[in-house]
Amino acid sequence: MNIRTYILGFIILSMAYGLQAQQIPMYSQYVVNNYMLNPAVAGSKKCQDFKLGYRTQWVGFESAPETIFLSAYGRINSSSKLVGKSTFEGIGAYAIKDQTGPMGKVGAQFSYSFHFAINQQIFMGMGLSIGALQHSINSNLLDPANYPDPATTSINSLVPDAHAGFLLYSSTFFAGFSIRQLVPYKIGGSENTLRQHYLLQGGYKLMIQPGIYMIPSMHVKLGMVTPMQIDASLKIDWQDKFWLGACYRKVEGLMALAGFHAGSILHLAYAFDFTLSKIQSHSSNSHEIILGITPFCKSKSKNKYDCPSFQ
């Protein structure tokens, strides 16, 4: 049985009962990629941040899920020094394409965030992003047992989309909460509705010895009608030059994480997911790679507020 059979069954059930599956992309590098999860991250760095990412999931399945994204954000209305500045703002944008066989979505979001200092070390950010998603189902890529099948009609629907979030952070920790898909729009005139998803993230940077840091973190994802998903990871960073880590995702599997920094501008992160769920008989792994560019990010001061290394 290939993945098209699973997809066809999923579509038929969705048409009959309304779409209730998890509707947002999955990421293993949630610490590196936290702007895609929370619009309040925009502006949390002094420098501009650009990222290009690609994820292929469940390698071995025909028509397996693939996700590609491009994001950028930066700070506005801020002086050259963060310490002593009571407020500042951030803006950002991203584009994403998520494809699973005949089902796909293409979207773009534009973000605004407002940040203020709680004290000289801890800051709070609040962000909102608005945009649109185009959902599609290409019936030509389906292979029903009986053709033609009226349940496999094509869908192409453009709907508004919005996200909101909060971020508490310093140079050594971060804690965030965000709500995805604030607008409960129906897709393509059907009963399939965008459902809200709630995300929690947190992490802490702990120095083991000079130049070596341990960074534990957690990401919790909860949909309105889907089970809670919990990711827990641990990274070891050496002098902000390269890092290795591991992550456990409840039920789904284990992930090996790695990355390096080429100076203060270029960053590369990779995740290899080992599938441990029942799907492992059909697929053994997933891959995720993220290329980041942070121009003008090197701080001349001793503090690390400009570009927290856990991001």
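The values are calculated or read from the model by the stated rules, or taken from the named source; none is laboratory data. As the structure is a prediction and not an experimental result, all values here were calculated from the model. Because the Cβ atoms are built from the backbone with ideal geometry, glycine has one as well, and the counts that use them run over all protein chains shown.
Among the residues of segment 75-97, those that are modelled with pLDDT of 90 or more and either more than 24 Å from THR172 (Cα to Cα) or surrounded by fewer than 20 Cβ atoms within 10 Å (Cβ to Cβ) (or both) comprise GLU89, ILE91, ALA93, TYR94, ALA95, ILE96, LYS97.
If you filter segment 150-193 down to residues that are modelled with pLDDT of 75 or more, aliphatic (A, V, I, L, M) and not in a strand (DSSP E or B), you find that the one that is farthest from GLN134 (Cα to Cα) is LEU182.
Answer yes if at least one residue in segment 202-225 is surrounded by fewer than 18 Cβ atoms within 10 Å (Cβ to Cβ), β-branched (Val, Ile, Thr) and under 24 Å from GLY92 (Cβ atoms), and no otherwise. Yes, segment 202-225 contains at least one residue that is surrounded by fewer than 18 Cβ atoms within 10 Å (Cβ to Cβ), β-branched (Val, Ile, Thr) and under 24 Å from GLY92 (Cβ atoms). Scanning for something surrounded by 21 or more Cβ atoms within 10 Å (Cβ to Cβ), modelled with pLDDT of 90 or more and closer than 20 Å to GLY165 by Cβ, does segment 50-59 turn up at least one residue? Yes; the residues of segment 50-59 include at least one that is surrounded by 21 or more Cβ atoms within 10 Å (Cβ to Cβ), modelled with pLDDT of 90 or more and closer than 20 Å to GLY165 by Cβ. When we screen PHE296, PHE274 for residues that are assigned to a strand (DSSP E or B) and modelled with pLDDT under 90, the only hit is PHE274.
When ALA232, ALA162 are checked against the criterion of being within 20 Å of the chain's Cα centre (by Cα) and closer than 27 Å to LEU276 by Cα, ALA232 stands alone in meeting it.
Applying the selection to segment 99-109, what residues are under 13 Å from LEU70 (Cβ atoms) and either in contact with a helix residue (DSSP H, G or I) (Cβ under 9 Å, 6 or more places away or on another chain) or surrounded by 20 or more Cβ atoms within 10 Å (Cβ to Cβ) (or both)? The answer is GLN109, and nothing else.
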